[in-house]
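To start, the structure itself, in structure tokens.
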Amino acid sequence: MSNYSKQTNWGQFIPLVTVFFFWGFVAASNDILIPVFQKAFKLSQTESMLVQICFYVAYTVGSLIYMVVSKGLKQDLINKIGYKNGLILGLLISAAGTLLFYPAANMASFPLMISGLFIVGLGFSLQQIVANPLAIEVGPTETGSQRLTMAGGINNLGTTIGPLLVSFAIFGSASAANTEASIESVKIPYLMLGAAFVLVAIMLKFSSLPAVTPTNTKDTDDAVPGDHKTSAFQYPQLVMGMIAIFVYVGVEVSTASNLPAYMEKSLGFETKDVAPYISLYWASLMIGRWTGAVEAFDLSAGFKKILRFLAPYLAFGVFLLVNAIAKHDLSPFYIYGAVIIVMIICDIMSKGNPARMLLIFSVAGITALLTGMFTSGMVSVYAFTSVGLFCSTLWPCIFALAINGLGKHTNQGSGLLIMMIMGGGIVSLIQGYIADLTTIHMSYIVGVICFAYLAFYAIRVTGILKSQGIDLDKISKGSGH
């Protein structure tokens with residue numbers, strides 16, 4: 001691909017990142033739907049995780065459909081229809097999914113509800129395939145990964161706001177006496193979301209985004225001299241990286257998905273009062289990713305160093321602001337500013353090396369989960385929410401390590417990694433099942449196992465890439481999904 005300008009084209013980038021916002025908004029809002037559906041349909045913890053299964057497996061199904069259609073066309077689908085049309089098609093598919101919420105609510109049908117989420121996820125899978133490379137395309141290559149990180153930060157702005165808005169739409173204001181939600185109350189926010197999808201699709205149609213996909217017709221050699229592998233599956237860093245993406249998305253999603261049930265059943269919270277803590281969890285990912293986005297701006301080196309310390313607290317300030325607007329009590333959250341310091345220390349220790357960062361943040365994630373499991377009360381809640389801080393940089397680290405050295409198989413490898421987003425649903429289901437067998441508190445051992453594999457991958461991939469002559473300190477990180 002070729003860049004359209006020597007500077008980032010903000011006129012193209014800004015409308016593009018609206019889709020990143022939607023991904024986060026819907027993903028985090030699912031965590032509010034889970035306890036609502038669980039009560040309304042009398043579901044077990046395992047059954048309630050079907051919400052996440054349907055949503056995240058849709059990414060895999062969507063990727064497979066994309067591959068089949070491309071094979072049938074004998075050319076890449078996006079290369080045929082173009083970036084802009086690909087994004088618009090994805091948004092319209094997601095909009096169609098939200099329409100199912102209306103009959104599903106009227107019929108009080110759980111299968112129809114999760115079918116709607118599945119279709120929304122199908123649309124998101126196409127948007128993911130288009131939007132990630134397009135974020136790189138709208139500016140200079142050397143700052144492409146930072147634009148992706150910035151887009152990931154916008155994604156987490158959606159995850160921060162989503163639970164609050166959906167909770168407000170279902171339960172009313174924080175001071176309202178309403179503690180129960182009818183299924184009827186779910187349809188309006190999702191119909192409004194569908195309207196927003198259509199509106200953004202129309203905006204993109206008339207935006208300056210490139211309508212035609214630039215293609216690189218020159219076939220590149222493998223990155224490693226003398227290495228002429230015929231498939232991406234022949235690279236151990238990718239195969240192990242696929243498992244790493246699966247368990248990473250798994251622990252990120254399942255930690256939040258099971259938090260409402262833990263807070264309600266073990267700590268006595270009302271469903272409507274859980275939303276700020278779900279928002280804090282997803283805001284934690286935003287806190288880490290905003291820090292990584294600093295490099296996308298044309299600033300002096302000294303100012304960038306200052307921003308690396310300020311950015312996490314600016315993101316935390318956004319969280320406090322939206323909760324203040326929602327009239328939530330902020331006093332329980334101020335202490336979380338001290339927890340953010342731990343993330344900053346871990347970031348400094350990594351020195352920008354993705355393998356070292358993956359190892360350090362995975363160990364920190366294990367520590368956070370074990371602390372949550374062996375404490376109680378609000379200490380355990382803050383420990384579980386801090387997992388978001390330590391998940392914040394893992395996607396770009398894993399992605400960069402897994403596709404490095406693949407050469408002409410890089411695109412195939414990237415598509416395979418995106419398919420593994422299904423881990424968000426499957427790991428959530430496994431944790432829900434363990435929770436039904438034991439307790440929700442102890443079910444977080446599933447997340448510990450996930451982080452343990454990520455720490456193992458960080459160590460193992462270091463040796464694999466070094467044996468291929470790849471300098472880990474020169475690998476650039478990408479963005480959050």
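The values are calculated or read from the model by the stated rules, or taken from the named source; none is laboratory data. What you are looking at is a predicted structure, and each value in this text was computed from that prediction instead of being measured. When we count neighbours, we look across all protein chains shown, and the Cβ atoms used for this are built from the backbone with ideal geometry, even at glycine. Surface accessibility is based on the protein's heavy atoms, side chains included, excluding ligands, DNA and RNA. Shrake-Rupley method; radii C 1.70, N 1.55, O 1.52, S 1.80 Å.
A few remarks follow.
- Hey, Ala355 modelled with pLDDT of 90 or more, aliphatic (A, V, I, L, M), in contact with a helix residue (DSSP H, G or I) (Cβ under 8 Å, 6 or more places away or on another chain) and farther than 30 Å from Lys229 by Cβ or not: no
- Of the residues contained in the range 355-364, none is found to be open to solvent by 10 Å² or more (accessible area, probe 1.4 Å), outside the structural domain of Ala40 (by the TED database) and not in a helix (DSSP H, G or I).
- Considering only residues in the range 44-58 that are out of contact with any Leu (no Cβ under 8 Å at 6 or more places or on another chain) and either farther than 18 Å from Tyr433 by Cβ or part of a helix (DSSP H, G or I) (or both), the one that is most open to solvent (accessible area, probe 1.4 Å) turns out to be Glu47.
- Filter pass, Ser109 being small (Gly, Ala, Ser) and free of Cβ contacts under 8 Å to residues at least 24 places away in the same chain: yes
- None of Leu429, Leu454 is under 25 Å from Ala135 (Cβ atoms) and either among the aliphatic types (A, V, I, L, M) or at pLDDT 90 or above (or both) except Leu454.
- Counted residues, the range 284-310 - those being crowded, with 18+ Cβ neighbours inside 10 Å and either over 17 Å from Val339 (Cβ atoms) or at pLDDT 90 or above (or both): 9
Residue by residue, here is whether (1) more than 19 Å from Thr255 (Cβ to Cβ); (2) open to solvent by less than 10 Å² (accessible area, probe 1.4 Å); (3) not aliphatic (A, V, I, L, M) holds:
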residue	(1), (2), (3)
Gly24	no, yes, yes
Lys42	yes, no, yes
Lys84	yes, no, yes
Ile114	yes, no, no
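- Among (1) in contact with a Phe, Trp or Tyr (Cβ under 7 Å, 6 or more places away or on another chain); (2) farther than 13 Å from Phe197 by Cβ; (3) open to solvent by less than 10 Å² (accessible area, probe 1.4 Å), the one test that Leu77 misses: (3)
- Selection status of Val339, in contact with a Ser or Thr (Cβ under 7 Å, 6 or more places away or on another chain) and assigned to a helix (DSSP H, G or I): yes
- Helices (runs of 4 or more DSSP H) fully within the range 371-451 counting 2 or more residues that are of a type in the set (Ser, Thr, Tyr) and surrounded by fewer than 24 Cβ atoms within 10 Å (Cβ to Cβ): 377-385, 410-419
- Subset of the range 96-108 [open to solvent by 10 Å² or more (accessible area, probe 1.4 Å) and on the phi < 0 side of the Ramachandran plot]: Ala96, Leu99, Leu100, Tyr102, Pro103, Asn106, Met107
- Tabulated pairs, the range 315-333, first under 18 Å from Asn155 (Cβ atoms), second among the aromatic types (Phe, Trp, Tyr) and open to solvent by 40 Å² or more (accessible area, probe 1.4 Å), C-beta under 7 angstrom, 6+ apart or interchain: Ala315/Trp290
- Candidates are the residues of the range 130-180 that are β-branched (Val, Ile, Thr), modelled with pLDDT of 65 or more and over 20 Å from Val26 (Cβ atoms); the one that is least open to solvent (accessible area, probe 1.4 Å) is Val138.
- In the range 246-273, the residues that are surrounded by 24 or more Cβ atoms within 10 Å (Cβ to Cβ) and touching an Asp or Glu at 6+ places or on another chain (Cβ under 8 Å): Ala256, Ser257, Leu259, Pro260
- Filtered residues of the range 117-129 (kept if of a type in the set (A, V, I, L, M) and either open to solvent by less than 30 Å² (accessible area, probe 1.4 Å) or under 22 Å from Gly153 (Cβ atoms) (or both)): Leu117, Val120, Leu126, Ile129
- Hey, Leu238 more than 25 Å from Ser376 (Cα to Cα) and modelled with pLDDT of 90 or more or not: yes
- Lys71 being of a type in the set (D, E, K, R) and on the phi > 0 side of the Ramachandran plot: no
- Residue match in the range 258-271 (condition: in a helix (DSSP H, G or I), outside the structural domain of Ala27 (by the TED database), closer than 21 Å to Leu157 by Cβ and of a type in the set (Val, Ile, Thr)): no
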